[in-house]
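The values are calculated or read from the model by the stated rules, or taken from the named source; none is laboratory data. Everything quoted here is computed from the prediction, not taken from an experiment. Please note: Cβ atoms are built from the backbone with ideal geometry, for glycine as well, and neighbour counts cover all protein chains shown.
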């Protein structure tokens, strides 16, 4: 089966969030299962591209409105990621450093999609399926069906995965001319709330859509930034498939980023060694439970609640636990956390920014990982923490609901609470401290969570089953 994955991100080429981790792992596992999966993404002038060699496999031009764009398709030479990697490069438009936040971002992603379709069409390729990820590739299912330029490919099945339904990529009708020639009687498929909405369009036009957890499929009908009714109408096309993690990358036994490696049999000493490295670096004591937060400091992640919740918890449990933050985002939240650090310097520290090696060390060295998310379609951080023997403290939403069972329930192993609120976070901290002080129970739970299987093997098989249901001839 020949499958193309289209995405704005792919680890380790370019990463902002979990989208990159999924696209960097799922195709590899599909190839290991005997299929031919490839990734196509925009070209970014970043470290991976600079340090690896690429062949130019296709050169052409296309139109973005009245603007003639020359583009290249570059292929990484060695398939070192476990799949074929193709980059779409357009001088002056898709050849920059950053992934998002340019004023012409709409033009960037429209051009990316058109260039991909032109390449596939002009080079006479016939993929068995095209798998689009998030709104950055959301126009592809529509263009395949309703642009005469791609009639040859119109019968190609499309799957669209929603990694975060809060972001739609919507733009005004004044940019309709950027699209190639289309059947104007079908423009209603592009529309939602008076704008061209790529995410809504993809849900309407794809053969099937998936969400990155079963619970998130349900939640989109009540919280999707204005698309709730659409998801209610189209729910029959949806399937929830829980993300996995790449257990070759996220393996405490072999992880090159860890100061001390460990296994399920050596984790007490291994985790303590990593904890000591963290606490030495951030001036925290090693004999207290260490709670950590890793992620974007945004409302969606509940980050605006953290400073107040930690202040109340420090006052309620003076000197009884430490807290460490790795993240960046909302400037006001960053300032609040830095002020918290300054006031409780013996118990708290904050790293504003992102550091992949530090993140790995925190997963390995922390005792608990806090995730008070308001929205969490799947969440990968809690899966990494489980793999590294760090108990997650999560709000009961989306993929967090599907992957973390409260230790007070039968078969449970984490801490789960119902509301994204200061009160619930404080209660979770209290429970974490109590659990940590019951060393026998705490160590037993660590061993349980390290044995859980959230690998991509299971998830990749579910995607293949879905693909085969859409194209039974493959």
**OP:** Report yes if some residue within region 186-207 is more than 28 Å from residue 470 (Cβ to Cβ), in contact (Cβ under 8 Å) with a residue 60 or more places away in the chain and outside the structural domain of residue 362 (by TED's automatic domain parsing); otherwise report no.
**Re:** no
Original post:
Among the residues of region 111-122, is any out of contact with any helix residue (DSSP H, G or I) (no Cβ under 9 Å at 6 or more places or on another chain), within 23 Å of residue 24 (Cα to Cα) and surrounded by fewer than 19 Cβ atoms within 10 Å (Cβ to Cβ)?
Top reply: no
Original post:
Out of region 357-376, which residues are farther than 16 Å from residue 297 by Cα and either surrounded by fewer than 16 Cβ atoms within 10 Å (Cβ to Cβ) or at pLDDT below 95 (or both)?
Top reply: 357
Subject >> residue 379 surrounded by 24 or more Cβ atoms within 10 Å (Cβ to Cβ), farther than 21 Å from residue 269 by Cα and modelled with pLDDT under 95 >> reply: yes
Original post:
Which residue out of 66, 78 is exposed (fewer than 13 other Cβ atoms within 10 Å of the Cβ), closer than 15 Å to residue 39 by Cα and either in the same structural domain as residue 7 (by TED's automatic domain parsing) or touching a helix residue (DSSP H, G or I) at 6+ places or on another chain (Cβ under 9 Å) (or both)?
Top reply: 78
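Each row is one residue, and each column tells you yes or no for (1) under 27 Å from the mean Cα position of the chain (by Cα); (2) outside the structural domain of residue 317 (by TED's automatic domain parsing); (3) more than 23 Å from residue 302 (Cα to Cα); (4) modelled with pLDDT under 95.
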| site | (1), (2), (3), (4) |
| --- | --- |
| 393 | yes, no, no, no |
| 399 | yes, no, no, no |
| 405 | yes, no, no, no |
| 415 | yes, no, no, no |
| 423 | no, no, no, no |
| 433 | no, no, no, no |
| 442 | no, no, yes, no |
Subject >> Residues of region 187-240 classified as farther than 20 Å from residue 141 by Cα, surrounded by fewer than 21 Cβ atoms within 10 Å (Cβ to Cβ) and touching a strand residue (DSSP E or B) at 6+ places or on another chain (Cβ under 6 Å), total >> reply: 1
**OP:** Tell me which residues, restricted to region 226-271, are in a helix (DSSP H, G or I) and touching a helix residue (DSSP H, G or I) at 6+ places or on another chain (Cβ under 8 Å).
**Re:** 230, 231, 235, 237, 267, 268, 270, 271
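Results for (1) surrounded by fewer than 21 Cβ atoms within 10 Å (Cβ to Cβ); (2) under 26 Å from residue 36 (Cα atoms), shown as yes or no for each residue.
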{"site": "109", "(1), (2)": "no, yes"}
{"site": "134", "(1), (2)": "no, yes"}
{"site": "138", "(1), (2)": "no, yes"}
{"site": "144", "(1), (2)": "no, yes"}
{"site": "152", "(1), (2)": "yes, yes"}
{"site": "171", "(1), (2)": "yes, no"}
{"site": "179", "(1), (2)": "no, no"}
Original post:
How about region 191-225: which of its residues are over 23 Å from residue 395 (Cα atoms) and assigned to a loop (DSSP other than H, G, I, E, B)?
Top reply: 193, 194, 197, 206, 207
Original post:
Can you spot a residue in region 73-83 that is part of a strand (DSSP E or B) and under 28 Å from residue 172 (Cα atoms)?
Top reply: no
Original post:
Just wondering, is there one or more residues in region 434-446 that are touching a residue at least 60 places away in the same chain (Cβ under 8 Å), under 27 Å from residue 223 (Cα atoms) and in a helix (DSSP H, G or I)?
Top reply: no
Subject >> Of residues in region 154-169 being more than 28 Å from residue 103 (Cα to Cα) and in contact with a helix residue (DSSP H, G or I) (Cβ under 7 Å, 6 or more places away or on another chain), the one surrounded by the fewest Cβ atoms within 10 Å (Cβ to Cβ) >> reply: 154
Original post:
Filter region 431-458 for residues that are in contact with a helix residue (DSSP H, G or I) (Cβ under 7 Å, 6 or more places away or on another chain) and buried (at least 16 other Cβ atoms within 10 Å of the Cβ); which is farthest from residue 321 (Cα to Cα)?
Top reply: 456
